[in-house]
1. Which value, in Å² and to the nearest 10, is the accessible area of Asp76 when all protein chains are kept and the probe is 1.4 Å?
2. Kindly provide the Kirkwood hydrodynamic radius of the stretch 45-118 in Å, to one decimal, from all pairs of distinct alpha carbon atoms.
3. Dipole of the stretch 10-118 (Lys/Arg Cβ +1, Asp/Glu Cβ -1, origin at the Cα centre): which of Leu114, Thr75, Thr23 lies farthest to the positive side?
Amino acid sequence: MKYLALLITLVSINFIQKTDKLTGRYNYLIEDYGLYVQKDKITFKDSVFIFDNKYMPKGKISYGNVILLENFINTDLIISISKDQIKKDTIQFYIHDKSGGGNYLDISSGKGKLIRIK
């Protein structure tokens, strides 16, 4: 009986907890000399993102303590987003370059914003 109650409790907790994921369509802007320049539109679905520009590659989203967008524009760039930004309409992000060596997530090579399209 104790095990049944424990099992029901664990299953109900699992259903209550949801992983926040990026969804929807956004404009993405890159900061360039203090000004934000709009580059393209991007669509998030589950654990992938797709640019409107058909020549840009699909990318993969990794959810953890920090959300990482891998394969952003090219294979060397990674975007990091703080988890608390997901629910906002304007999301701040930082650009990291894998080719920089070392722990590349500690060094930001740029920043930008994602603005939700409604």
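1. 70 Å²
2. 12.9 Å
3. Ranked along the dipole, the leading option is Thr23.
The values are calculated or read from the model by the stated rules, or taken from the named source; none is laboratory data. Bear in mind that the values here come from a model prediction, so they are computed numbers and not experimental data. For neighbour counting, all protein chains shown are included, and Cβ atoms are generated from backbone atoms with ideal geometry for every residue, glycine included. Note: areas computed on protein heavy atoms with side chains; ligands, DNA, RNA excluded. Shrake-Rupley method; radii C 1.70, N 1.55, O 1.52, S 1.80 Å.
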